[in-house]
Every structure is written in C-alpha cells, then in structure tokens.
Amino acid sequence: MPITTLLFDLDGTLIESNSLILASYTATLEHFTGRKYEQEELLPFIGPPLKDVFMNIDPARADDMIAAYRKHNLEHHDAYVEAYPYVVETLQQLKQAGFKLGIVTTKIRETAERGITVCGLDGLFDVVIGYDDISQPKPHPEPVLKALEALGSTPEEAIMVGDNYHDIESGQNAGAKAAGVAWSIKGKQTLAAYKPDYMLEDMRDLLEIVKEEADAENGKLSR
C-alpha cells in the first residue's frame, strides 16, 4: 500500500531539545536528591514519560519532581529549542505533496505545540497527539493508532519516525513501518538494534523513501 501518512516524534527527532531536557533533569534531580547526575545517567530518561522516570527514582515525590521539571523546562524552553537541519523544508515539501503529517509525543500537547511554534513548524501537522491525549504511552501502539484514526489512515500506509526505541516499537506495535534517525542522542546503533524499516541520515532521506509513492513529475519532492 502506498505511504500516505508520516508520524513524527518531536524532541530529538524534529527539534533539538535534548540540551533543554538534560538541563531540566539535572536541575530537578540535583534539587531533590542533592547530587548532580552525569549525562550518561540521564540518557535513559530521554524518551519515557516523566511519570515513569520520576516514579522509578522516588515514588513519594514523583509529582513534585514532575512539577519542578516542567517549571524549569518552560522557563528555559524558547532559548534552547531549534529545528534540526532540513526539517522545516522537508516537511514543507511533504505537506505540499499531499502527505498527512502528525506528531506523536510523550510531551503534554500544550508544550509540544509551543515547540512546534518556536521552531517554525506551525501549520504543517494535521494532528498532535500528546501524553495527555492517551492512556498508554509509547511503546504501546495507542498513540500511533490514535493519530492514524484522527487522520483517517491505516497502519499499512504510515511510517512512524523517531529517535528512541519507544518510537520504533510503538510504530511496529501499531502495524506501521518505522524509521529511526541517525542523529539520536542515544546513537544510531542503539536504534538499529530495534530493526526499524529505515534509518534516516538526515530528514531529507524521507523524500527518497516516499518519492515512489508521489507524483514524480510534480516537482514537489525534488531534493
């Protein structure tokens, strides 16, 4: 079946926000635990929902830690985040060519939409599924399936793109294809172990992947 629908994780996939995420975890954990975590300790926290991360650290104070993290994150958000190279122009070409585009993220939707706006991605996405829109976060298939339902698409015509194994497995569990991104902070080889259908070296690779499904003569998908 032709690919008609492209779903994306946000942080670490479309926008460079890893520095902000790490800074927010560092500030929060130092405040609550009294020690500064090394980056290697923080990397596993990128991807899972905040609730899962902080419940594993201190269940009794998890809610307070989530609130502190979000406060730090929002206060510094706009100064940190930016779109990765070729993201904006690639998504614009895909949108113009008629592909359905969606965001599937473990961020709450309000914060995700703020990142979309700050990074110049407004108007490109037909749906945004955030943590507050679902009951089972990635790698459960629910977020991907909910996005596909909103778009009127089936898993067979979709690709889920992400920088974390949660993204790859969520797409696979939903019956869609999955693409990893080589610029993942966790490393290309880490993602490759989960056997995504594609590995993007930069976002323009998506144009090559879907070009056979588009009108090759319309000129909208030329790299």
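The values are calculated or read from the model by the stated rules, or taken from the named source; none is laboratory data. The shown structure was predicted, so the numbers you read here are calculated from the model rather than taken from an experiment. Methodologically, a virtual Cβ is constructed for each residue, glycine included, from the backbone with ideal geometry; neighbour enumeration extends over all protein chains shown. What goes into the accessible areas is simple: the full protein's heavy atoms, side chains included, and nothing from ligands, DNA or RNA. Shrake-Rupley method; radii C 1.70, N 1.55, O 1.52, S 1.80 Å.
Of all residues in the stretch 22-34, exactly one satisfies the criterion of being among the aliphatic types (A, V, I, L, M) and surrounded by 21 or more Cβ atoms within 10 Å (Cβ to Cβ), namely Leu29. Filter the stretch 5-25 down to residues that are acidic (Asp, Glu) and either in contact with a Ser or Thr (Cβ under 9 Å, 6 or more places away or on another chain) or under 15 Å from Ile168 (Cβ atoms) (or both), then give me how many there are. Here the count works out to 2. Could you list, in sequence order, all residues of the stretch 19-40 that are out of contact with any helix residue (DSSP H, G or I) (no Cβ under 9 Å at 6 or more places or on another chain) and part of a helix (DSSP H, G or I)? Residues satisfying the conditions are Glu30, Glu40. The set of residues in the stretch 53-70 that are free of Cβ contacts under 8 Å to residues at least 40 places away in the same chain, open to solvent by 70 Å² or more (accessible area, probe 1.4 Å) and within 26 Å of Val104 (Cα to Cα) comprises Met55, Asn56, Asp63, Asp64. Quick one: would you say Phe32 is more than 30 Å from Ala150 (Cβ to Cβ), touching a Lys or Arg at 6+ places or on another chain (Cβ under 8 Å) and not acidic (Asp, Glu)? In short, yes. Among all residues of the stretch 96-118, there is at least one that is in a helix (DSSP H, G or I), open to solvent by 60 Å² or more (accessible area, probe 1.4 Å) and within 23 Å of Lys177 (Cα to Cα).
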